[in-house]
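Take a look at the structure below.
The values are calculated or read from the model by the stated rules, or taken from the named source; none is laboratory data. Remember, predicted model here, so these are calculated numbers, not experimental data. All Cβ positions, glycine included, derive from the backbone under ideal geometry; neighbour counts span all protein chains shown.
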Amino acid sequence: MPDRGGGPTGPRIRVGRPSRRVRTLLMTLGILAVLAMVFVMFAGFWTDWLWYRSVNYSSVFTTTLWTKIGLFFVFGLLMAAAVGLNIWLAHRLRPPLSAMSMEQQSLDRYRMSIAPYKKWLLLGIATLVGLIAGASAAGQWRTWLLWVNGVSFGQKDPQFHLDVSFFAFDLPWYRFLLGFGFAATVLSLIAAALTHYLYGGLRITSPGARATAASTGHLSVLLGVFVTLKAVAYWLDRYGLAVKSSDFKATGDWTGLRYVDANAYLPAKTILFCIAVICALLFFGTLWRRTWQLPVIGFGLMVLSAILIGGLYPAIVQKFQVQPNEQAKEAPYIEKNIEATRNAYGISGVKPEDYKGAGKADEDPKKKRDDADSAANYRLNDPNIVSPTFQQLEQEREYYRFPTTLDVDRYNGQDTIVGLRELSLDKLDKRNWINDHFAYTHGYGMVTAKGTETEKGSKGAPDFTESGLPTTGNLGPYEQRIYYGEKTTQYSIVGGPQKELDYEEDGGGQKTYSYKGDSGVNLSNPINRAAYAVSFGEPQMLYSGAIGEGSRILYNRTPKERVESVAPWLTIDGDTYPTVVDGKIQWVVDAYTTSNGYPYASRTTLGDTTADSLSESDDARAVVAQQNRVNYIRNSVKATVDAYTGEVKLYTWDEKDPVLKTWKKAFPDTVKDKGDIPKALMDHLRYPQDMFKVQRELLTLYHVTDPGQFYNASDAWQVPNDPTKKDNSAVPPYYLSMKAPGQAQQQFSLTTTFTPSGRPNLRAFMTVDADARSKNFGTMKLLRVTGDVDGPEQVQNKLNSMTEVGNFVRDMKGADSDVLYGNLLTVPLDDGFLYVEPVYVQGRKSAYPLLKKVAVSYGTETAFADSLSDGLNQVFGAEGTTKPPADDGDTDEPTEPPKTNDPTVQAALDDAQTAFEDGQTALKDGDWKAYGEAQEKLEDALQRAEDAQAAADKKADKSADKSGDKNGDKKGG
């Protein structure tokens, strides 16, 4: 052993091999480290499997997993085999090294160094490229499933007359195969060339032949394969022209063939295909000729042809044939683009109808005033404004929160503002692991308010129809606990030894609860606990006494997240909304099938198209965030998520959609039939906002069907900016019940406005039947305004310039209050448009806004009033048909209803008295709508009393007649 340190008499330190104990310890630590890494990877896989099994969608997990594994191994092995085989073949074809040049002598040390490891080196290189290729192929699982399960669209493209499914399902897979083939060929070529060079088959500086015959033949075959693939690429490029994007001044972004594509690029691709095939044959011919002269000439010809035929010739055609008469040349292709785009976005049946729009308030004012009452249910409670009011009045506890933008639904035939009281841990006084994940686990209750009215005597607060904690009202009994919601982003562990806080009573007492659902994953199993401890990075899960028998972990709890997980092939609408159906809170999620391969249809970016002033300002209501570009979209699936159990159900909505049919073949039994939708749920389904936003964006250009007019863009529109915002964001579409021109009664609708491109005046108004129960659901009505009508921003400016508004705003600022403008609703009315806008006031020391004013505009008249009824009266200079009776001095005293012994008559008289009193109350409050409803009830009750009294009198007369007959018989006897 060598000595270290010290002199002849100094200490000696003996250095040698580590002891067996140390080696054993190091080996043990190494094994444990490997096992830990394996368990970490296993934990991710295992927890995913457990989650999918818990929601009964394990088939989605297994189908996706096996598809990825299959693609990984098939294409990984193919790439490894291709590269490995060519390296082995190049080594096998190496020349003898007896007469080595100086160049080869310098490479000798590299050959000697890798000689002992060449098998392992070959295996390592093949494995590395195989892993990379396999991972890339696994990411194409959607493309594979669409190709192998694709169904026909039943529509053919206008150029090649192939079914649209070829472009949507087949062409993307062929392009992937082509790309994989190019990658395998190039990597094989590089690997083979390096091997030939290393072993002398190729020489760079040595005199004599630069390549052996064997290496020449080998590399020529690989180059021939490359050129063959290039020929295939040219052939596929012909079909790719139908879905190619290009710049076009008429639309900016163009999809499909234009004149130069059909008459220059298409024949050029065909010619280049033929040249590439010939060039490939010349490369393969080197196996016999052993010279690269002809292949190189052929390859040079192909490159030159690609420049001249594929680049220069189309440029000449564009410059000298198209540009001098572009409109006429492009007209047939513009027509194809218009038709395809309108079909792809579901707007083929939308045709503009001329509508005067420039109505005058002083023309037959009485009729217009009456028509205004029935034209719409004017939603004065703006769901984007009144959320703080819900928060202040119905939050109940600081750890509850309502969404920034509330939702609009329908209950009891009324447009209703709805919001869930969800859990928000940010406001907890004491944050710790137990509180965050065991004690505070769920929100509680749905709060609803009338969309068209405020509460009497509240000075502008919403009129709640369901409120309190627990809530009570019009919804009836239902499960109020909310374990799954838009704000429920943290995991919770429920059902075990640790009790949950259910809700706090007004007196300060706490109600506890233990989750009784079967949702989530059971943590009683120690393997499951360990897997989740690793996946969530929570070691406390392993030893916490709060977890025991019956404990279940809930996660992936937002509706959007759950639907995306069980149906990863769907695109989710940005606005999920809650409903109460059959005693349960159900989240409704609209989902879309999309494609980027519809020939000739223009593309749009969903994230940009669906953004507006509401989606950009709401953190809880995510806009469709996918920035992928699509040119086909259908609202094919309606999904529900149970707020208590988390159960996800997918229902077919568009039964004709070929993309949905394809995915249903790939994932059978995951999407239920349309007929399985419960009737109670159908009452709350509606036309989705994001779909409507995409369609309205396309209709800014594609409402025009004449190619010449489309080319000139003389009637291009735009979605106006929201006049109540200062960030130039688009005005959102609004849900409200209204009568469109030609409709006999109000219909729950989704509406929007358009202005001319670059101008503020109103150019068009569009509405869609949004009620899923309607036979005309999804039918769009597009009104093209022919008169000179103010647009939303002009109406807002006109309002702001009114003296009354200026004084009001000044007074409110003096009172340390802010003025907030609500949704500016636009309603067609008697050849004109009626604008209605609620105006709110929020004191800076107050936490919530109150409705104080209503702005109304029609034609040239604008009013700023205390109520909608007053505003309509001022604008039209007339009052509605339903008028309050004259004050004769006796109305302040309650009147006693007459008494009768008939119970039916008495019940009707009691109803009449109630209706009369309600009418008097409404009269005092100036609520003409409520007064009119009370008068109708009064009239109905009096009519019932009269009918009941008449029936009673008739019955009495018959009894008297029978009695008289009997007496007569007795006398006659």
Legend entry - Residue in segment 581-602 that is nearest to the chain's Cα centre (by Cα), counting only those that are over 19 Å from Gln155 (Cβ atoms) and small (Gly, Ala, Ser): Ala591
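Of everything in segment 450-496 that's among the hydroxyl-bearing types (Ser, Thr, Tyr) and more than 31 Å from the chain's Cα centre (by Cα), which residue is surrounded by the most Cβ atoms within 10 Å (Cβ to Cβ)? Quick ask: steps written out before the conclusion?
Within segment 450-496, the subset among the hydroxyl-bearing types (Ser, Thr, Tyr) is 452, 454, 458, 465, 467, 471-472, 478, 483-484, 488-489, 491-492.
Those still in the list that are more than 31 Å from the chain's Cα centre (by Cα) too: 454, 458, 472.
On the way: Thr454: 23, Ser458: 14, Thr472: 12.
The selected residue is Thr454.
With the structure loaded, tell me whether Ala268 is at negative phi and either of a type in the set (Asp, Glu) or modelled with pLDDT of 90 or more (or both) or whether it fails that test.
On the way: at negative phi: yes; either of a type in the set (Asp, Glu) or modelled with pLDDT of 90 or more (or both): yes.
Answer is yes for this residue.
For the condition over 22 Å from Phe864 (Cβ atoms), of a type outside the set (Lys, Arg) and surrounded by 23 or more Cβ atoms within 10 Å (Cβ to Cβ), what is the one hit in Leu393, Leu406?
Working: Leu393 fails: surrounded by 23 or more Cβ atoms within 10 Å (Cβ to Cβ).
Of Leu393, Leu406, the one residue that is over 22 Å from Phe864 (Cβ atoms), of a type outside the set (Lys, Arg) and surrounded by 23 or more Cβ atoms within 10 Å (Cβ to Cβ) is Leu406.
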Inset, instruction - Could you grab me the full set of residues in segment 279-310 that are exposed (fewer than 14 other Cβ atoms within 10 Å of the Cβ) and without any contact (Cβ under 8 Å) to a residue 24 or more places away in the chain? - result: Trp288, Gln293, Ile297, Gly300, Val303, Leu304, Ile307, Leu308
Legend entry - Residue that is in the same structural domain as Gly130 (by TED's automatic domain parsing) and hydroxyl-bearing (Ser, Thr, Tyr), where the choices are Thr47, Thr63, Thr24: Thr63
Inset, instruction - State which residue is farthest from Val875 (Cα to Cα) when the search covers only segment 836-860 and only residues that are surrounded by 22 or more Cβ atoms within 10 Å (Cβ to Cβ) and under 33 Å from the mean Cα position of the chain (by Cα). - result: Pro849
Inset, instruction - Quick one: count up the residues across segment 54-68 that are touching a residue at least 12 places away in the same chain (Cβ under 8 Å) and in a helix (DSSP H, G or I). - result: 8
Inset, instruction - Go through (1) under 30 Å from Gln743 (Cβ atoms); (2) crowded, with 21+ Cβ neighbours inside 10 Å and name the single condition Pro365 misses. - result: (2)
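Anything in segment 242-253 that is within 14 Å of Tyr598 (Cβ to Cβ) and in contact (Cβ under 8 Å) with a residue 40 or more places away in the chain? List them, or say none. Explain how you work it out, then say what you get.
At the first step, the residues of segment 242-253 found to be within 14 Å of Tyr598 (Cβ to Cβ) are 242-245.
Of everything in segment 242-253, those that are within 14 Å of Tyr598 (Cβ to Cβ) and in contact (Cβ under 8 Å) with a residue 40 or more places away in the chain turn out to be Ala242, Val243, Ser245.
To keep it simple, each residue is scored yes or no on (1) in contact with a Ser or Thr (Cβ under 8 Å, 6 or more places away or on another chain); (2) in contact (Cβ under 8 Å) with a residue 60 or more places away in the chain; (3) surrounded by fewer than 19 Cβ atoms within 10 Å (Cβ to Cβ); (4) assigned by TED's automatic domain parsing to the domain that holds Glu335.
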{"site": "Leu162", "(1), (2), (3), (4)": "no, yes, yes, no"}
{"site": "Phe167", "(1), (2), (3), (4)": "no, yes, no, no"}
{"site": "Asp170", "(1), (2), (3), (4)": "no, no, yes, no"}
{"site": "Trp173", "(1), (2), (3), (4)": "yes, no, yes, no"}
{"site": "Ala183", "(1), (2), (3), (4)": "no, yes, yes, no"}
{"site": "Ser188", "(1), (2), (3), (4)": "no, yes, no, no"}
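Filter segment 384-417 down to the residues that are outside any strand (DSSP E or B) and among the polar types (S, T, N, Q) and list them by number. Can you show your working first?
Filtering segment 384-417 down to residues outside any strand (DSSP E or B) leaves 384-399, 402-406, 412-413.
Correct list: Asn384, Ser387, Thr389, Gln391, Gln392, Gln395, Thr404, Thr405, Asn412.
Considering only residues that are in contact (Cβ under 8 Å) with a residue 24 or more places away in the chain and not in a strand (DSSP E or B), which ones fall in segment 549-563?
As a first pass, look at segment 549-563 and keep what is in contact (Cβ under 8 Å) with a residue 24 or more places away in the chain: 549-560, 562-563.
Within segment 549-563, Glu549, Gly550, Ser551, Tyr555, Asn556, Arg557, Thr558, Pro559, Lys560, Arg562, Val563 meet the criteria.
Conditions (1) at pLDDT 80 or above; (2) closer than 25 Å to Leu145 by Cβ; (3) small (Gly, Ala, Ser), marked per residue:
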site	(1), (2), (3)
Ser19	no, no, yes
Gly30	yes, no, yes
Val55	yes, yes, no
Gly70	yes, yes, yes
Gly76	yes, yes, yes
Ala80	yes, yes, yes
Ala90	yes, no, yes
Inset, instruction - Tell me, yes or no, whether segment 493-514 has at least one residue that is modelled with pLDDT of 90 or more, under 30 Å from Leu35 (Cα atoms) and small (Gly, Ala, Ser). - result: no
Inset, instruction - Could you please find all residues in segment 408-433 being modelled with pLDDT of 90 or more and farther than 25 Å from Asp502 by Cβ? - result: Val408, Asp409, Arg410, Tyr411, Asp415, Thr416, Ile417
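Counting only residues that are among the polar types (S, T, N, Q) and either more than 27 Å from Asp362 (Cβ to Cβ) or without any contact (Cβ under 8 Å) to a residue 60 or more places away in the chain (or both), give me the strands (runs of 3 or more DSSP E) lying completely in segment 715-834 with at least 2 of them.
Working: elements: 734-738, 747-756, 764-769, 780-785, 817-821, 825-829.
Output list reads 747-756.
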Legend entry - Out of Thr512, Thr448, Thr452, Thr489, sole residue that is under 22 Å from Arg557 (Cα atoms) and touching a strand residue (DSSP E or B) at 6+ places or on another chain (Cβ under 7 Å): Thr512
Inset, instruction - Can you give me the number of residues within segment 637-690 that are under 25 Å from Lys487 (Cβ atoms) and part of a helix (DSSP H, G or I)? - result: 3
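Whether any residue in segment 448-456 is under 29 Å from Ser551 (Cβ atoms) and assigned to a strand (DSSP E or B) is what I want to check. Give the steps one after another, and end with the answer.
Just the residues of segment 448-456 that are under 29 Å from Ser551 (Cβ atoms), to begin with: none.
Within segment 448-456, none of the residues are under 29 Å from Ser551 (Cβ atoms) and assigned to a strand (DSSP E or B).
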Legend entry - Hey, Ala211 modelled with pLDDT under 95, of a type in the set (Gly, Ala, Ser) and in contact with a Lys or Arg (Cβ under 8 Å, 6 or more places away or on another chain) or not: yes
Legend entry - helices (runs of 4 or more DSSP H) fully within segment 273-383 counting 2 or more residues that are in contact with a helix residue (DSSP H, G or I) (Cβ under 8 Å, 6 or more places away or on another chain) and either of a type in the set (Val, Ile, Thr) or at pLDDT 90 or above (or both): 313-317, 326-344, 365-375
